[in-house]
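Colleague: One structure coming up, written as structure tokens, with questions to follow.
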């Protein structure tokens, strides 16, 4: 079952090179990566970079942008720029954590379903079908309302309802891997399921899983802002979704306080666009099935925010 | 598989999904520790006697499975319980809310589809041109902005010019003519509809564009071109016709997204529909309403999904394979 080591390395290297070449042809990837890197940096240095404290008023209620407060003040007289900087932390962390949950569940379901097939596959895919059809944001709202607003609840609710498309993509990939000669040879030579999964299947689906993680993160952040907006986020935390919630509840519109609305939305949109650019580019580069000639012409394969778009492959 | 088998299978799945949703509903609200109805029996400062009365009143002393069948039986009779907020039957509340939501969502979905198909078509036919780049990038950006943000931004732009909340003007004439009330309704509905169209537009354009690009790369399009057909003819009778299949699926699959968008839009514009009802139920912890709304929304999404599946089957019987 030992592959000749040099050949394996050569193959791995050529795979990497192919991926690198595809990335080079995609400037969008660089743009997306820069956006994401910028926001991660902001989130990391936020407490030190924020010009004012976010706990108490530092100016008039809904004060307009000025030289002292670049992005104005919110309904409590708190500096908007500071809120945005500090809020990036919760938004990114919740998005990432929910994504990890979703990828964990979706990856496990996809691998088990694709690898074992048969009754396991049928059962798991029935469950997946069910979760695909159900309006997940509504279920998220109901569960979050029952559990009460808190950060871990938001993470779990989003993560546990966002895994379906990952499961589908990974399943179809594993299904084809299972039939490859080297996997079957390993089985015949006596390797157990665990060993085959860890040594042969996971390394192959790993990259696709990473691309999927980044795409899922966009949806997780989108859902998180929706839950926050409906008052289901942690009321004491500062996040972009909660900034928008406060703007709506405390009538920023009546004050004409555009600065309490526009910047938070722009931040959310930038992060989501960044995730999409990177995720799509990675997926196109790493998923060999997309490299078939006429499929490669499509620059944008869309995954509906609440749907199962990628399944169309 | 024969056609009839396919229809039976799809409808069977739809029924199973609705039943599963009802079961989830029951378990979420009654079985989980600390769940809503159990809490009912913990009225603060209640005497042991009152607590016992409440437990009996709500049937909480019976075994869970018996509660479950009572619940299913009531459901089958269309009884969703009584709203905590206004003591009206949940079904009566939901009927009015749905009647307010459906026109807005229907108009917005149709509009966003028409605009999305036209823009996606232009984009795909002129692939790589500046038109395509602008159109695709606008779509991506619109797709990335949260629905509630688009709604709030429109409100800021149009505050003063258009009404910002509600469905009709409470201060209008005593006896408005039909025409006047229609104009009033439209003036209130225009921003919610516009928000929904903008939210759905991005996704639709990208879906239509990529579906068309796929079909334009097919061999039969090449053949059609070789036969000397005009580009218009190729797009209309070869590409678009085949692209309608993935478009049908993907658009109906985004139904959950439409529902989520409608909830956020209604909350921002205080539109008295099912989204606002859901929001109020969350704020007031009105569990019967919450349960009812979840069930109704699930049933409608499952219903339209099934309809779409059957339409798809009609368009392309190969799916039944």
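The values are calculated or read from the model by the stated rules, or taken from the named source; none is laboratory data. In this text the structure is predicted, and so the values were computed from the model without any measurement. A quick note on method: Cβ atoms are made from the backbone with ideal geometry, for glycine too, and the neighbour counts reach across all protein chains shown.
Colleague: Just to check your reading of the model, which residue among A:87, A:110 is touching a residue at least 60 places away in the same chain (Cβ under 8 Å) and under 30 Å from residue B:303 (Cα atoms)?
Modeller: Unique residue meeting the criteria: A:110.
Colleague: Hey, another quick one. Take region A:123-133 and flag every residue that is without any contact (Cβ under 8 Å) to a residue 40 or more places away in the chain and either surrounded by fewer than 23 Cβ atoms within 10 Å (Cβ to Cβ) or at positive phi (or both).
Modeller: A:123, A:126, A:127, A:129, A:130, A:131, listed by residue number.
Colleague: Evaluate region B:311-321: report whether one residue or more is at pLDDT 85 or above and outside any loop (DSSP other than H, G, I, E, B).
Modeller: Within region B:311-321 (the criterion being at pLDDT 85 or above and outside any loop (DSSP other than H, G, I, E, B)), the answer is no, since none of the residues qualifies.
Colleague: Answer yes if at least one residue in region B:230-250 is part of a helix (DSSP H, G or I), within 30 Å of residue B:165 (Cα to Cα) and either modelled with pLDDT under 80 or more than 9 Å from chain A (Cβ to nearest Cβ) (or both), and no otherwise.
Modeller: Checked against the condition, which is being part of a helix (DSSP H, G or I), within 30 Å of residue B:165 (Cα to Cα) and either modelled with pLDDT under 80 or more than 9 Å from chain A (Cβ to nearest Cβ) (or both), region B:230-250 yields no hits at all.
Colleague: Filtering region A:249-262 down to residues that are under 31 Å from the mean Cα position of the chain (by Cα), part of a helix (DSSP H, G or I) and surrounded by fewer than 21 Cβ atoms within 10 Å (Cβ to Cβ), which residue is nearest to the other protein chains (Cβ to nearest Cβ)?
Modeller: A:258
Colleague: Pairs please, first residue from region B:108-134 and over 21 Å from residue B:197 (Cα atoms), second anywhere and part of a helix (DSSP H, G or I), Cβ atoms under 7 Å, 6+ apart in sequence or on different chains.
Modeller: The qualifying pairs are B:125/B:235; B:126/B:132; B:127/B:213.
Colleague: What residue, among those in region B:116-169 that are touching a helix residue (DSSP H, G or I) at 6+ places or on another chain (Cβ under 7 Å), part of a loop (DSSP other than H, G, I, E, B) and away from every other protein chain (no Cβ under 11 Å), is nearest to residue A:254 (Cα to Cα)?
Modeller: In this case the residue turns out to be B:163.
Colleague: Restricting the search to region B:56-85, which residues are buried (at least 17 other Cβ atoms within 10 Å of the Cβ) and at positive phi?
Modeller: Residue satisfying the conditions is B:81 alone.
Colleague: Can you tell me which of (1) touching a helix residue (DSSP H, G or I) at 6+ places or on another chain (Cβ under 7 Å); (2) assigned to a helix (DSSP H, G or I); (3) without any contact (Cβ under 8 Å) to a residue 40 or more places away in the chain is the one residue B:267 doesn't meet?
Modeller: Residue B:267 satisfies every listed condition except (3).
Colleague: For region A:121-139, enumerate the residues that are within 9 Å of chain B (Cβ to nearest Cβ) and assigned to a helix (DSSP H, G or I).
Modeller: A:126, A:129, A:130, A:132, A:133, A:136, A:137, A:138, A:139 - these are the residues of region A:121-139 that are within 9 Å of chain B (Cβ to nearest Cβ) and assigned to a helix (DSSP H, G or I).
Colleague: Looking for something closer than 19 Å to residue B:141 by Cα and in contact (Cβ under 8 Å) with a residue 40 or more places away in the chain - is there at least one such residue anywhere in region A:251-266?
Modeller: yes
Colleague: Output the number of residues of region B:273-307 satisfying the condition of being under 16 Å from residue B:71 (Cα atoms) and more than 9 Å from chain A (Cβ to nearest Cβ).
Modeller: 5
Colleague: Taking only region B:218-229 into account, find how many residues are loosely packed, with under 12 Cβ neighbours inside 10 Å and either within 22 Å of residue B:315 (Cα to Cα) or modelled with pLDDT under 85 (or both).
Modeller: Residues that pass the stated criteria total 1.
Colleague: A further question follows. Given the condition at positive phi, more than 8 Å from chain B (Cβ to nearest Cβ), modelled with pLDDT under 90 and not in a helix (DSSP H, G or I), answer yes or no: does some residue in region A:276-290 qualify?
Modeller: No, region A:276-290 contains no residue that is at positive phi, more than 8 Å from chain B (Cβ to nearest Cβ), modelled with pLDDT under 90 and not in a helix (DSSP H, G or I).
Colleague: How about region A:219-237: which of its residues are more than 7 Å from every other protein chain (Cβ to nearest Cβ) and under 15 Å from the mean Cα position of the chain (by Cα)?
Modeller: Residues satisfying the conditions are A:219, A:220, A:221, A:223, A:224.
Colleague: Something else now. Could you tell me which numbered condition residue A:214 fails, if it satisfies all but one of (1) assigned to a helix (DSSP H, G or I); (2) within 9 Å of another protein chain (Cβ to nearest Cβ); (3) at pLDDT 80 or above?
Modeller: Against the list (1) assigned to a helix (DSSP H, G or I); (2) within 9 Å of another protein chain (Cβ to nearest Cβ); (3) at pLDDT 80 or above, residue A:214 comes up short only on (2).
Colleague: Of the conditions (1) touching a residue at least 40 places away in the same chain (Cβ under 8 Å); (2) crowded, with 17+ Cβ neighbours inside 10 Å, residue B:284 satisfies every one except a single condition; which number is it?
Modeller: (2)
Colleague: Right, another one. Considering only region A:164-180, I want to know if a residue exists there that is out of contact with any helix residue (DSSP H, G or I) (no Cβ under 9 Å at 6 or more places or on another chain), away from chain B (no Cβ under 12 Å) and at pLDDT below 90.
Modeller: yes
Colleague: Hey, any hits in region A:141-149 for a residue that's surrounded by fewer than 22 Cβ atoms within 10 Å (Cβ to Cβ), within 14 Å of chain B (Cβ to nearest Cβ) and out of contact with any helix residue (DSSP H, G or I) (no Cβ under 9 Å at 6 or more places or on another chain)?
Modeller: Taking every residue of region A:141-149 in turn, at least one turns out to be surrounded by fewer than 22 Cβ atoms within 10 Å (Cβ to Cβ), within 14 Å of chain B (Cβ to nearest Cβ) and out of contact with any helix residue (DSSP H, G or I) (no Cβ under 9 Å at 6 or more places or on another chain).
Colleague: So is residue B:211 part of a helix (DSSP H, G or I), within 30 Å of residue A:261 (Cα to Cα) and either touching a strand residue (DSSP E or B) at 6+ places or on another chain (Cβ under 9 Å) or facing chain A (nearest Cβ under 9 Å) (or both) or not?
Modeller: no
Colleague: Exactly one condition in (1) more than 10 Å from chain B (Cβ to nearest Cβ); (2) at pLDDT below 90; (3) crowded, with 19+ Cβ neighbours inside 10 Å is not met by residue A:303; state its number.
Modeller: Every condition holds for residue A:303 apart from (1).
Colleague: Next up: Would you confirm whether or not region A:235-242 contains a residue that is without any contact (Cβ under 8 Å) to a residue 24 or more places away in the chain and either surrounded by fewer than 24 Cβ atoms within 10 Å (Cβ to Cβ) or farther than 30 Å from residue A:31 by Cα (or both)?
Modeller: Checked against the condition, which is being without any contact (Cβ under 8 Å) to a residue 24 or more places away in the chain and either surrounded by fewer than 24 Cβ atoms within 10 Å (Cβ to Cβ) or farther than 30 Å from residue A:31 by Cα (or both), region A:235-242 yields at least one hit.
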